[in-house]
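Asker: First, the structure itself, so that you have it in front of you.
The values are calculated or read from the model by the stated rules, or taken from the named source; none is laboratory data. Computed from a predicted structure; not experimentally measured. Backbone-built Cβ (ideal geometry, glycine too); neighbour counts: all protein chains shown. Ligands, DNA and RNA are stripped out before the accessible areas are found, and what is left, the full protein with its side chains, is counted by its heavy atoms. Shrake-Rupley method; radii C 1.70, N 1.55, O 1.52, S 1.80 Å.
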Amino acid sequence: MTSFNSVEDLVLVAGATGGVGQLVVGKLLEKGLKVRVLTRNAAKAEEMFNRRVEIAVGDIRQPATLPAATQNVTHIIN
């Protein structure tokens with residue numbers, strides 16, 4: 001099992017604006033982790049997470065959108 005280090009780690013959450021994804025992001029933020037969300041709708045994510053996360057616009061079904069989203073990411077939750 002991998003452990004998280006709140007200082008060094010950046011967690012990418014795909015599906016963050018869905019029901020379970022919102023809960024996952026909330027728990028990661030509670031633990032003091034840096035979070036980046038992968039979303040197709042930046043405005044929705046900004047409103048949902050009140051600018052507490054980094055936002056990467058992309059889609060897991062479109063591989064060309066993933067390199068920028070995964071840059072410097074240490075963990076991915078999908």
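Asker: Determine if the range 29-46 includes at least one residue that is under 24 Å from Ser3 (Cα atoms), open to solvent by 70 Å² or more (accessible area, probe 1.4 Å) and touching a residue at least 60 places away in the same chain (Cβ under 8 Å). Talk me through it step by step, then tell me what you get.
Answerer: Step one: filter the range 29-46 for residues under 24 Å from Ser3 (Cα atoms), giving 29-38.
From the residues that got through so far, the ones that are open to solvent by 70 Å² or more (accessible area, probe 1.4 Å) too are 30-31, 34.
Now narrow it down to the ones that are touching a residue at least 60 places away in the same chain (Cβ under 8 Å): none.
No, because not a single residue in the range 29-46 is under 24 Å from Ser3 (Cα atoms), open to solvent by 70 Å² or more (accessible area, probe 1.4 Å) and touching a residue at least 60 places away in the same chain (Cβ under 8 Å).
Asker: Can you pull out the residues in the range 36-63 that are part of a strand (DSSP E or B) and β-branched (Val, Ile, Thr)? Spell out how you get there, then give the answer.
Answerer: Residues of the range 36-63 part of a strand (DSSP E or B): 36-39, 54-57.
Once the filter is applied, which keeps residues that are part of a strand (DSSP E or B) and β-branched (Val, Ile, Thr), the range 36-63 yields Val37, Thr39, Ile55, Val57.
Asker: If you go through the range 67-78 one residue at a time, how many are within 12 Å of the chain's Cα centre (by Cα) and either part of a helix (DSSP H, G or I) or of a type in the set (Asp, Glu) (or both)?
Answerer: 2
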